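Undergrad: I'd like to ask some things about the structure below.
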Amino acid sequence: MGLYLQHEWSYDQHVPQHQRVFRLMNNYRVQTYSNMPFPDYFDSNRAAQFALMEHLKGFPEVETAAHFVPSQSAIGGNSPFYASVDQKQFIIENILFTNTGTDFQAIFPQQFLAGSPEGAFSKYNTITIGKSMAEEWFGKDWPQQNVIGKLVSIEDEVFELTGVLERMPGNTHFAFDLIVHQDKIPSWGAYTYLKLQENTN
């Protein structure tokens, strides 16, 4: 029981300044939701999805804000995706969709084994994949290959591979096989996070 509790209390402790990171909750019709909805559900454009981000960043207490949706979640659809790369087909179990890649990296820093955060999130229609997926797609010798810049088709959309990431610790409250950075999150809402300035109540 002690080991179990120790593990539970260790969740997200590896996140830098984790005491300053919060997720917004939404109280609506006497129910509490762990995500924030977009104004027009699936028809929300990028500007509408960014409205809350810009509002949050307007507070002097907020250092930065980001949002994302893991596909294996209640608001992500819980469905697998099909990818094609180098004329091979693969199944992706869990994609993390975000259009705030730079801010996501600022709050939840990922360790890049290939590529860089600046290159990965400097434009849309890009993906970064985990080390295990790089090995599945390209083999154990992927570091010796030129994988950065490869084109990957996911559900008939084409993305540029811009990074390979080290595996995240198991005691993290979200998981993903790859990150899709695009201008619109394909969901009716997102998990919304903010990082507060130091010494903020």
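The values are calculated or read from the model by the stated rules, or taken from the named source; none is laboratory data. In this text the structure is predicted, and so the values were computed from the model without any measurement. Using ideal geometry, Cβ is built from the backbone for each residue, glycine included, and neighbour counts are taken over all protein chains shown. Note: accessible area is taken over every heavy atom of the protein model, side chains too, but ligands, DNA and RNA are not part of it. Shrake-Rupley method; radii C 1.70, N 1.55, O 1.52, S 1.80 Å.
Undergrad: How much mean residue ellipticity at 222 nm does the chain get from its helices, if each DSSP H run of length 4 or more adds -39500 (n - 2.57) and you divide by all residues, to the nearest 500 deg cm²/dmol? List each step's numbers first, then the result.
TA: On the way: 5 runs with 39 residues, N = 201.
Theoretical 222 nm ellipticity from helices: -5000 deg cm²/dmol.
Undergrad: Lys/Arg Cβ at +1, Asp/Glu Cβ at -1, dipole of the range 1-143 taken about the Cα centre: which of Y124, S44, G2 is farthest positive-ward?
TA: So the residue furthest toward the plus end is S44.
Undergrad: Where in the range 105-128 does the label zone of Q145 land, with the point 7 angstrom along Cα→C-beta and an amide N cut-off under 17 Å?
TA: Correct set: 113-115, 127-128.
Undergrad: I need the shape label for the range 67-170. Rule: rounded when a/c is under 1.5, else prolate if a/b > b/c, else oblate, with a, b, c from the alpha carbon gyration tensor.
TA: Working: a/c = 1.44, a/b = 1.09, b/c = 1.32.
The shape class here is rounded.
Undergrad: A further question on this structure: For K57 and N199, FRET efficiency with R0 = 22 Å and r from the beta-carbon atoms, rounded to 0.05? Each step should come with its number before you reach the end.
TA: Working: r = 19 Å, r/R0 = 0.85.
The formula returns an efficiency of 0.75 here.
Undergrad: Can you pull the accessible area of R23 for me, 1.4 Å probe, Å² to the nearest 10?
TA: 80
Undergrad: Could you work out how far apart the two model spin labels at D12 and N45 are, taking each label as a point 7 Å from the Cα in the direction of the beta carbon, and quote it in nm?
TA: 3.3
Undergrad: So, with +1 on the Cβ of K and R and -1 on the Cβ of D and E, and no other charges, what is the size of the charge dipole of the range 1-112 about its Cα centre, to the nearest 20 debye? Please report the intermediate quantities before stating the final value.
TA: On the way: 6 positive and 10 negative charges, 18 e Å.
It comes to approximately 80 debye.
Undergrad: Which stretch or stretches of the range 158-201 have amide N atoms under 14 Å from the point lying 7 Å from S79's Cα along the Cα→Cβ direction?
TA: From the range 158-201, the list is 186-188.
Undergrad: Quick one, can you get me the convex hull of the C-alpha atoms of the chain expressed as volume per residue in Å³? Could you put the intermediate results ahead of the total?
TA: Values: hull volume 30.3 nm³, N = 201.
Output value, Cα hull per residue: 151 Å³.
Undergrad: Let me ask something else. How about K184: which lysines have a C-alpha closer than 23 Å to its C-alpha, ignoring those fewer than 8 places off in the same chain?
TA: K57, K123, K150, K195
Undergrad: In addition: Quick check: convex hull over the Cα atoms of the range 123-201, volume per residue in Å³, rounded to an integer? Before the final figure, lay out each step's value.
TA: Numbers: hull volume 12.6 nm³, N = 79.
Normalising the Cα hull of the range 123-201 by residue number yields 159 Å³.
Undergrad: When only C-alpha pairs under 8 Å and at least 6 residues apart count, what is the relative contact order of the chain, in percent? Walk me through the numbers on the way to the answer.
TA: Values: 371 pairs, mean separation 67.4, N = 201.
Across the chain, relative contact order equals 34 percent.
Undergrad: Now, a different point. What accessible area, in Å² to the nearest ten, does a 1.4 Å probe give for I91?
TA: 90
Undergrad: Also: Could you state how much accessible area F138 has, in square angstrom rounded to the nearest 10, with a 1.4 Å probe and all protein chains kept in place?
TA: My reading of the accessible area for F138 is about 20 Å².
Undergrad: If you don't mind, there's one more thing I want to ask. Taking the Cα centre of the range 68-201 as origin and charging only Cβ (+1 Lys, Arg; -1 Asp, Glu), how large is the dipole, in debye to the nearest 20?
TA: Details: 8 positive and 15 negative charges, 30 e Å.
Using only the charged Cβ atoms, the result is roughly 140 debye.
Undergrad: Moving to a separate point now. Give me the percent of accessible area attributable to carbon and sulfur for the chain, probe 1.4 angstrom.
TA: Its accessible area is 51 percent carbon and sulfur atoms.
Undergrad: At 1.4 Å probe size, with every protein chain present, just tell me what the per residue accessible area of the chain comes to in Å². Please report the intermediate quantities before stating the final value.
TA: Working: 11120 Å² over 201 residues.
I get 55 Å² per residue for this part.
Undergrad: Rg and Dmax of the range 1-70, Cα atoms, in Å?
TA: Answer for the range 1-70, Rg first and Dmax second: 15.9, 48 Å.
Undergrad: Moving on to the next point. Note the full-extension length gain between E118 and Q89 as 0.36 nm times their separation in residues minus their Cα-Cα distance, in nm to one decimal.
TA: On the way: separation 29, 0.36 × 29 = 10.44 nm, distance 2.87 nm.
Result for the pair: 7.6 nm of gain on full extension.
Undergrad: Residue separation times 0.36 nm, minus the C-alpha to C-alpha distance between L3 and M168: what's the value?
TA: Numbers: separation 165, 0.36 × 165 = 59.40 nm, distance 2.05 nm.
So the extension gain works out to 57.3 nm.
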